């Protein structure tokens, strides 16, 4: 049954545009929902910040979205999901809050047949150990190889997602892991990485199962909305998507168009101060 706040938007935030891959997965799975996306572009990347700083930034982003009347919050940032989720949930106990780490870990545990999983992410996410802990909690027998792949973020931001440079970087990162006794599952533990899935698969091999945390997060959000009676079932008014950014509106629109898969005009992005 649809609750009274079903027409409120789903809030999504990331340190920048990478979380738009999560938004794209949400829009594909839940096309009738309204969305409000916040990219904290003035303070990216979160992956190089201390845990205390990330918690502070994440709470400020959550506050801004909650103030605009969201019905659920998606933390579309692996770094923020790994350190700030409990603080956000404690501040807003009545609000469904979904991060990207737990759904990705659950999908990896379900997909592996040999209890051998690789996780690639930013340095902050890997050093924080969130995926390693989540996988160990869900399936203690799984061996996890965690690999920081920082250059993938820059390649995605520049749009260099295919070609010689992307292929060479993917091989440099992944070939040492996918040699003898390779993992049978690879988790894309950064929201930028789905854009580089072609060179990643070429370097890791066709046999590996690739887990995209964006798609698994969208499924988790759907379950939460249905559990709490907040899923939107009416198609009137038409679904909408709004964008907020803390800096670089023109760049957000340009790069965000590639991440989201649809054109985003600068006038569609509102500049906000957290």
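Numbers at a glance
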| item | result |
| --- | --- |
| Criterion violated by residue 72 - all others in (1) closer than 24 Å to residue 60 by Cα; (2) not assigned by TED's automatic domain parsing to the domain that holds residue 14 satisfied | (2) |
| Set 172, 209, 201, 162: member being more than 20 Å from the chain's Cα centre (by Cα), under 19 Å from residue 146 (Cα atoms) and not assigned by TED's automatic domain parsing to the domain that holds residue 19 | 172 |
| Checking residue 71 against (1) in contact with a strand residue (DSSP E or B) (Cβ under 9 Å, 6 or more places away or on another chain); (2) at pLDDT below 95; (3) within 16 Å of residue 224 (Cβ to Cβ), the condition it does not meet | (2) |
| Filter result for residue 231 (touching a helix residue (DSSP H, G or I) at 6+ places or on another chain (Cβ under 6 Å), assigned by TED's automatic domain parsing to the domain that holds residue 22 and either surrounded by fewer than 16 Cβ atoms within 10 Å (Cβ to Cβ) or closer than 17 Å to residue 26 by Cα (or both)) | yes |
| Residues of the range 1-55 satisfying the condition of being touching a strand residue (DSSP E or B) at 6+ places or on another chain (Cβ under 9 Å) and assigned to a helix (DSSP H, G or I) | 20, 21, 22, 23, 25, 26, 27 |
| Members of the range 19-51 found to be modelled with pLDDT under 90 and crowded, with 18+ Cβ neighbours inside 10 Å, listed by number | 44, 45, 46, 47, 49 |
| Residue identified as touching a strand residue (DSSP E or B) at 6+ places or on another chain (Cβ under 6 Å) and modelled with pLDDT of 95 or more among 208, 169 | 208 |
| Qualifying residue in the range 107-119 (condition: surrounded by fewer than 21 Cβ atoms within 10 Å (Cβ to Cβ), without any contact (Cβ under 8 Å) to a residue 24 or more places away in the chain and not assigned by TED's automatic domain parsing to the domain that holds residue 222) | yes |
| Residue 148 vs. criteria over 19 Å from residue 40 (Cβ atoms), without any contact (Cβ under 8 Å) to a residue 60 or more places away in the chain and either assigned by TED's automatic domain parsing to the domain that holds residue 50 or surrounded by fewer than 24 Cβ atoms within 10 Å (Cβ to Cβ) (or both) | yes |
| The range 251-266 residues that are assigned by TED's automatic domain parsing to the domain that holds residue 19, paired with ones that are exposed (fewer than 15 other Cβ atoms within 10 Å of the Cβ) and not in a helix (DSSP H, G or I) (beta carbon under 8 Å, 6 or more apart) | 253/265; 255/159; 257/263; 258/159 |
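The values are calculated or read from the model by the stated rules, or taken from the named source; none is laboratory data. As the structure is a computational prediction, the values presented were derived from the model and not from experiment. All Cβ positions, glycine included, derive from the backbone under ideal geometry; neighbour counts span all protein chains shown.
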